[in-house]
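The values are calculated or read from the model by the stated rules, or taken from the named source; none is laboratory data. Computed from a predicted structure; not experimentally measured. Every residue, glycine as well, gets a Cβ built from its backbone with ideal geometry; the counts of neighbours run over all protein chains shown.
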Amino acid sequence: MKSPQFDYCKPDSLEQVFSLLAQHGDDARILAGGQTLMATLNMRLSEPALLIDITGLKALGGIRVQGDRLYIGALATHTDIENSALVAQHAPLLAQAAPHIAHRAIRNSGTWGGSIAYGDPAAEWPCCLCALDGTVQLQGPGGARQVSATDFFLDLYTTALQPGEIVVGADVPLDSAADWVGFDELARRHGDYAVAGLAVAARFQGTLAQRVNLCFLGIGQIPLRARRTEALLAGKTLDAGTIEIAVASLKAELDPLPDLTHRADTKRHLATVLARRLLQAAHASRSAIPA
Amino acid sequence: MELTGDIVLAAARARVWAALNDPQVLAACIPGCEAVEVVGPLEKTARVMVKVGPVRARFAGRILLADVVEAERCAMSFEGSGGAAGMARGQSQVQLSDEDTPEGPHTRLRYTVQASVAGKLGQVGGRMIDAAAKQMADQFFGAFQAHVAPVAAPAAEPLAAARSAAPEPIAPAQPAQAAAPSTQALSAAPPPSSCAPAATEWLRVKWFALGALATALGVWVGARL
Amino acid sequence: MASFHTLHVEVNGQPQKRSVQPRQHLVDFIRNELGLKGSHLGCEHGVCGACTVEVGGRIVRGCLTLAVQTQGCKVRTIEGLSEDGDVRDLQEAFIRNNALQCGFCTPGMVMAAKELLEAKPDASREEVREWMSGNFCRCTGYHAIVDAICETLAERARKGQKVGA
C-alpha cells in the first residue's frame with residue numbers, strides 16, 4: 001500500500017516549524033522517525049497535505065546529564081537510548097525497556113519524542129517516563145514549557161500537547177544507589193505490542209521499600225500508575241506476604257479494557273504476574289546487598 | 001466489539017428525549033461529526049471525521065431505526081464505510097428511564113452497542129477497538145451532558161419550547177411508561193403512532209444520530225492503528 | 001499539490017541524483033528508479049522485514065522510510081552488501097543450512113543478521129531468535145535461518161573475527 005500524495009519539507013529552525021503548523025493546522029504532520037506515521041499513511045488511514053521533517057533540528061537531539069536529571073532530546077532514536085552509556089548508568093529502566101520496542105530496524109529510526117507525543121498506552125517510553133516521574137519538555141510559538149509525565153498523558157492518544165506545539169525532549173531523575181528499577185512486558189511474540197507491561201521504580205533503605213512506583217502499559221487508556229497499591233507498598237519490606245497483599249490490591253485496583261485478543265480478566269491476571277515477578281526481583285536484589 | 005454504558009443525566013427524561021431528537025445537538029456532540037442527513041423516515045446518513053492518534057478517517061454511515069418507544073427506547077442497525085480504511089456494521093440499543101434525585105429529575109440512559117469491524121481497521125486496530133470506542137462514547141456523552149444539564153437550560157429552553165410538539169405526545173403514549181424504571185424489555189413492540197408526524201421525525205433523527213455515533217464508534221475503533 | 005524533489009543519495013557506493021515524489025518509499029525508489037530488485041515488498045507497513053535496507057550504516061524498514069529522507073545519506077542494499085563481501089560467510093551458511101527456499105525473505109534476513117553480527121557478536125541462540133523476529137519467512141520454519149546465523153557467530157568467534165565498528 002502506497003502513501004497518498006503529500007508535500008514534504010525539512011525546516012532548519014523551530015520557528016519555521018511553528019509557522020508551518022500555524023499555517024496548516026491538522027493538515028500538517030510532524031515527521032521524525034516516521035515509524036508510526038508512515039505505517040498510518042501506507043494504510044491510507046490519514047491523508048495529510050504536508051509532512052514537516054524535524055530531523056534537521058540538531059537542538060532536538062542528544063542525551064546528556066543536566067544537573068540532577070538525565071535529559072534525552074526528542075530526536076534520540078530507540079537504538080541511541082538502547083546503546084547509550086549515559087542511559088545505562090543514569091536511567092537503567094530505559095535500557096531494560098528498549099530491547100522490547102518492536103525490532104531493531106524500527107528502533108534505528110523511531111524516536112523518544114515520537115513515542116511520547118503519540119502516548120500509545122502500550123508503548124514503553126510513556127510508561128517508563130511515568131514510572132520515573134519524568135518531565136516532558138514542550139515548545140510552541142508561545143515559548144517553552146514543561147509538564148510532568150503523569151500530567152502529560154490524559155486519555156487515549158490524548159496528551160497535554162497543544163496544537164502548534166512539539167515535544168522537544170524529556171528528562172528523568174538520575175538513578176541512585178538506593179534505587180531499584182525493573183521492566184518486563186508480555187507479548188504474543190517478541191516485538192509485538194505488549195498485552196501487558198510493567199515498569200517499577202523503587203527507592204529502598206536496606207530492604208525496606210520507601211516508595212514503589214508501579215506503572216502499567218497495555219492496561220488502560222494511558223500509562224497507568226497503580227496509586228492505591230503503591231501506597232500500600234510504601235515503607236514495607238517486599239517479602240512474600242507483602243507481595244501477595246500488593247497482588248490482591250492490584251486485582252481490585254486495575255480495571256483493564258479488553259481487546260480483540262484478550263479479555264479484561266486475562267489482562268488483569270497478566271498484570272499481577274508481572275507485578276509478582278518484578279517485586280520478587282526487587283526484593284531479591286536488595287536482599288543480596290550487604291547491609 | 002461490545003460496548004455498554006450507563007449514565008445519569010441531570011435532566012428530565014422529556015428534555016433528554018428532546019435533545020436526542022435534535023439533530024443539531026447530536027451533530028454537535030458526536031466527535032468529528034460533519035453532517036447528518038435525513039434520507040427517509042427510517043433511514044439517515046451521517047459523515048464523521050474520526051481522529052484517534054495518528055488516524056484521520058472520514059467515514060459515511062447509514063442507520064436504520066426500529067423498535068421505537070418514544071421517550072423510552074429504540075434499537076437501530078447501522079453500517080459505515082471508512083473508504084480505504086475498512087468498514088463496520090452492528091446494532092445498538094438505547095433505553096431511558098427516570099431517576100429522580102434530591103436535585104431534581106434525572107434520567108438514566110443505558111446503551112449497548114455490538115459492532116464488527118472489517119478490513120484494515122479490524123486488522124490493525126484490534127488491540128485498540130474497545131479503548132477507542134470507550135473514548136468516543138465518553139466524548140459524546142460528555143458533550144451531550146453539557147447540552148441537557150440545567151446549567152445549559154436557559155439557552156436550551158427556547159429550543160425545547162419550539163420542539164414542544166415533539167415531547168408532548170410522548171407523555172400519554174404508553175401506560176407502561178408511568179411505571180417508569182429501567183427494566184423494560186427491549187423486545188417489546190412499540191406503537192409510535194400516537195406521535196404527531198413532526199415528533200416522529202425528530203425522534204427518528206435523534207435515534208439516527210445515535211446510530212451514527214455508534215457507527216462512528218465501530219469504524220473508528222477499527223481505524224485505530 | 002506535491003512537487004518533485006531532487007534527491008542526491010549514494011547507493012551501494014554510487015552517487016545517484018533523481019527527481020522523486022515525496023510520497024515515494026525508499027524501497028520503491030531503489031526498486032523502480034534504480035532497478036535494484038533485491039529488496040522486496042511484503043506488508044508495506046513495517047512488520048515483515050522483507051524491505052530491510054541499510055541507511056547510514058543502520059538497518060531500516062524501506063517501506064517506512066521516504067526516499068527524500070535519505071538526502072545526502074549512504075544507502076546500501078543487499079546487492080551492495082553482497083558485493084562488499086562483508087557477510088560472505090553468513091550467505092554460505094544460509095546455503096549450507098538450506099535457510100532459503102523461495103528466497104523472498106532472504107535479503108531482509110541477511111540485512112538484519114548483518115547488524116546482529118556487528119552489534120552482538122556473542123549472541124545466544126535465544127538472542128538471535130529475538131533479534132530476527134522482525135523478519136518473517138513463510139517457507140523454512142525459521143530454524144535453518146537461526147542455525148545459519150548461530151554457525152556464523154560461532155565461526156567468527158573461533159576465528160577472532162570482528163566486522164564493523
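Here the strands (runs of 3 or more DSSP E) wholly within segment A:119-203 that include at least 3 residues being in contact (Cβ under 8 Å) with a residue 24 or more places away in the chain are A:135-140, A:153-155, A:166-173, A:179-186.
Within segment C:110-165, restricting attention to residues that are acidic (Asp, Glu) and more than 14 Å from chain A (Cβ to nearest Cβ), which residue is farthest from C:Arg88 (Cα to Cα)? Ranking the qualifying residues of segment C:110-165, first place goes to C:Asp122.
I'd like the residue in segment B:86-100 that is of a type in the set (Gly, Ala, Ser) and more than 14 Å from the chain's Cα centre (by Cα) and, out of all such residues, is surrounded by the fewest Cβ atoms within 10 Å (Cβ to Cβ). It comes out as B:Ser97. Checking each residue in segment C:28-44 for being within 11 Å of chain A (Cβ to nearest Cβ) and surrounded by 21 or more Cβ atoms within 10 Å (Cβ to Cβ) picks out C:Asp28, C:Glu44.
Just one of the listed residues (C:Arg138, C:Arg96, C:Arg88) is out of contact with any Lys or Arg (no Cβ under 8 Å at 6 or more places or on another chain) and without any contact (Cβ under 8 Å) to a residue 24 or more places away in the chain, and it is C:Arg88.
Which of the residues spanning segment A:19-43 are in contact with a strand residue (DSSP E or B) (Cβ under 7 Å, 6 or more places away or on another chain), farther than 24 Å from B:Gly82 by Cβ and without any contact (Cβ under 8 Å) to a residue 40 or more places away in the chain? Scanning segment A:19-43 gives a single hit, A:Leu20.
Of these, C:Ala99, C:Ala144, C:Ala123, which one is in contact with a helix residue (DSSP H, G or I) (Cβ under 7 Å, 6 or more places away or on another chain) and either buried (at least 20 other Cβ atoms within 10 Å of the Cβ) or not in a loop (DSSP other than H, G, I, E, B) (or both)?
C:Ala99 is the lone residue from the list that is in contact with a helix residue (DSSP H, G or I) (Cβ under 7 Å, 6 or more places away or on another chain) and either buried (at least 20 other Cβ atoms within 10 Å of the Cβ) or not in a loop (DSSP other than H, G, I, E, B) (or both).
Going through (1) under 22 Å from A:Gly62 (Cα atoms); (2) within 14 Å of chain C (Cβ to nearest Cβ); (3) touching an Asp or Glu at 6+ places or on another chain (Cβ under 6 Å) one by one, A:His190 falls short only on (1).
Here the strands (runs of 3 or more DSSP E) wholly within segment B:17-78 that include at least 2 residues being under 30 Å from A:Ser115 (Cα atoms) and of a type outside the set (Asp, Glu) are B:43-52, B:55-69. In the set B:Ala18, B:Ala57, only one residue is more than 13 Å from every other protein chain (Cβ to nearest Cβ) and farther than 19 Å from B:Thr112 by Cβ; that residue is B:Ala18. For segment A:174-190, what are the residues that are surrounded by 19 or more Cβ atoms within 10 Å (Cβ to Cβ) and over 20 Å from A:Pro258 (Cβ atoms)? Those that are surrounded by 19 or more Cβ atoms within 10 Å (Cβ to Cβ) and over 20 Å from A:Pro258 (Cβ atoms): A:Asp175, A:Trp180, A:Val181, A:Gly182, A:Phe183, A:Asp184. Criterion applied to C:Thr65, C:Thr52, C:Thr106, C:Thr6 was being among the hydroxyl-bearing types (Ser, Thr, Tyr), crowded, with 17+ Cβ neighbours inside 10 Å and more than 9 Å from chain A (Cβ to nearest Cβ), and the one residue passing it is C:Thr106. If the condition is being within 12 Å of chain A (Cβ to nearest Cβ) and surrounded by fewer than 17 Cβ atoms within 10 Å (Cβ to Cβ), then segment B:101-131 contributes B:Ser116, B:Gln123. Scanning segment C:29-81 for residues that are closer than 16 Å to C:Phe104 by Cα and in a helix (DSSP H, G or I) yields a count of 3. Screening C:Asp84 with (1) closer than 15 Å to C:Pro107 by Cβ; (2) within 14 Å of another protein chain (Cβ to nearest Cβ) gives one miss only, at (2).
For (1) part of a loop (DSSP other than H, G, I, E, B); (2) small (Gly, Ala, Ser); (3) outside the structural domain of A:Asp184 (by TED's automatic domain parsing); (4) in contact (Cβ under 8 Å) with a residue 60 or more places away in the chain, each residue gets a yes or a no:
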position: A:Asp255; (1), (2), (3), (4): yes, no, no, no
position: A:Asp259; (1), (2), (3), (4): yes, no, no, no
position: A:His262; (1), (2), (3), (4): yes, no, no, yes
position: A:Asp265; (1), (2), (3), (4): no, no, no, no
position: A:Ala271; (1), (2), (3), (4): no, yes, no, yes
position: A:Arg277; (1), (2), (3), (4): no, no, no, yes
position: A:Gln280; (1), (2), (3), (4): no, no, no, no
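Scanning segment A:44-95 for residues that are in contact (Cβ under 8 Å) with a residue 40 or more places away in the chain, surrounded by fewer than 19 Cβ atoms within 10 Å (Cβ to Cβ) and either touching a His at 6+ places or on another chain (Cβ under 6 Å) or within 14 Å of another protein chain (Cβ to nearest Cβ) (or both) turns up A:Arg44, A:Glu47, A:Ala49, A:Thr55, A:Gly56. Could you please tell me which pairs satisfy a Cβ distance under 8 Å, a separation of 6+ or placement on different chains, a first residue in segment A:1-18 that is within 8 Å of another protein chain (Cβ to nearest Cβ) and within 26 Å of C:Val27 (Cα to Cα), and a second residue that is among the hydroxyl-bearing types (Ser, Thr, Tyr) and surrounded by fewer than 16 Cβ atoms within 10 Å (Cβ to Cβ)? Within 8 Å, the pairs are A:Asp7/C:Ser3.
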